Amino acid sequence: GDRSYYFTRRSILIKLANTTGPLTALVLFAMWGDEWTLQDCAHVMMVGQCMIVPSTILLCFLSDDHIATEPIIEALMLEDTEQQSDDEEEQWIEESNTPTNLRTRDSTSLFVSNNLAKTNRNTALRRQGRGNEEAIEQGSSTPSSPQNHDRGGNQNTATEFDQRLVGCIPSHRTVPILVAMSDVCSGLGAGMSSRYFPIFFVENLNLSPVMVQLLYIVSPLCQAVLMHQGQQLSKAGGWGRCRVAATLRWFGIMCMILMILSYTTFGMPVWVIAMLYILRTSFMNSTQALTKSVLMDNVPKRERGKWSALESVNMFSWSGSAALGGILVGYEGIIFNFCITTCIQLMATIPLVLLSQKDQEQEGTIAIRGGANNNGAATTMSQTVTATTVSVDRSET
């Protein structure tokens with residue numbers, strides 16, 4: 001649901017912060033002559049290590065004791081609702097002239113307060129994605145229609161079939177496992193080539209240090225823009241997060257292929273190859289927030305820490321796949337390594353394609369539930385106001 005919004009904002013902030021390092025390196029290389037020398041590179045690395053120290057110190061002051069848990073958040077929302085209802089009640093009491101009106105409006109305000117509390121509680125649960133957790137944890141234990149139960153109240157064979165394994169994967173684990181497979185496979189492919197792009201820029205394209213740092217500044221900015229647009233498209237456009245993520249990765253793969261062909265076959269200018277690299281990197285790295293939100297929406301709350309640990313696996317796989325990429329570079333060259341990376345990342349989109357229809361249906365269900373809750377709350381409020389008016393009129397009569 002709304003989890004993709006917050007994950008996207010977090011990823012955008014990280015990408016914007018990632019431009020600080022290349023921007024500092026660009027200034028330093030420009031001051032020192034814009035040449036690839038061992039001494040200048042060592043000085044830039046030393047400055048980068050010094051910039052890490054303040055952020056490391058800030059981490060020492062972080063504590064989980066100050067985190068607002070979900071019960072606290074719900075209690076604060078209920079407190080605000082109760083305060084609002086109390087204010088309305090006091091206003092109605094001041095406007096009332098007869099004891100009958102006081103009793104009628106007091107009882108009505110209590111009813112309105114309860115309805116507001118329920119509406120805010122449902123909104124909080126929907127925003128936190130707990131509706132999906134309850135559906136995952138309960139599975140098919142909650143009946144959805146009379147057809148799923150016999151006269152004794154037991155579930156029929158169709159519900160039991162939903163609990164069976166789909167091949168070797170449990171049915172309720174299909175979405176998180178496929179999303180995790182896609183992310184890990186894409187990480188393996190990215191690790192094979194990401195460490196060798198600077199070598200490609202220096203040895204094959206003969207780019208200066210300032211130009212290389214400029215590429216690493218523009219790329220995160222483009223990634224932030226595509227992250228925002230992808231999240232908007234998945235929600236407002238109705239495409240679904242998996243379909244948008246797969247489409248963005250396909251564009252990145254196409255840019256990678258064009259970059260390889262532009263260098264090896266077409267003989268395009270260096271600036272064209274550099275632009276294709278920026279587009280390729282931007283498209284491929286703009287889907288983390290979408291896939292992670294799908295993953296977290298489809299696992300129980302108590303297991304989110306385990307699934308979040310896959311990010312550590314991805315970081316570890318980057319080191320291992322970088323070693324594999326080094327073997328391929330030594331065997332056939334850097335362009336061959338880029339071709340293998342493209343094939344692996346293309347295969348990584350297959351799980352997202354398989355989940356695109358299911359994710360789109362899930363997004364539609366969440367939207368319908370949200371509209372139904374809002375309409376239900378509005379209908380309840382209108383009925384309450386109507387009943388209040390009738391009761392007051394009768395009491396005054």
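The values are calculated or read from the model by the stated rules, or taken from the named source; none is laboratory data. Small disclaimer: the values here were computed from a predicted structure and weren't measured. Positions of Cβ are generated from backbone atoms using ideal geometry, with glycine treated the same way; all protein chains shown enter the neighbour counts. What goes into the accessible areas is simple: the full protein's heavy atoms, side chains included, and nothing from ligands, DNA or RNA. Shrake-Rupley method; radii C 1.70, N 1.55, O 1.52, S 1.80 Å.
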Would you check which residues across the stretch 1-38 are assigned to a helix (DSSP H, G or I) and among the charged types (D, E, K, R) and list them? Arg3, Arg9, Arg10, Lys15
Gly267: farther than 16 Å from Ile14 by Cα, surrounded by fewer than 17 Cβ atoms within 10 Å (Cβ to Cβ) and of a type outside the set (A, V, I, L, M), yes or no? yes
Are there helices (runs of 4 or more DSSP H) fully within the stretch 155-236 with at least 2 residues that are open to solvent by 20 Å² or more (accessible area, probe 1.4 Å) and at pLDDT 90 or above? List them. 174-194, 209-235
Unmet requirement for Ala42, which otherwise passes all of (1) open to solvent by 70 Å² or more (accessible area, probe 1.4 Å); (2) in a helix (DSSP H, G or I): (1)
Please work out if Gly48 is assigned to a helix (DSSP H, G or I) and modelled with pLDDT under 95. yes
Restricting to the stretch 237-257, name every residue that is assigned to a helix (DSSP H, G or I), in contact (Cβ under 8 Å) with a residue 12 or more places away in the chain and crowded, with 18+ Cβ neighbours inside 10 Å. Arg241, Cys242, Arg243, Val244, Ala245, Ala246, Leu248, Arg249, Gly252, Ile253, Cys255, Met256
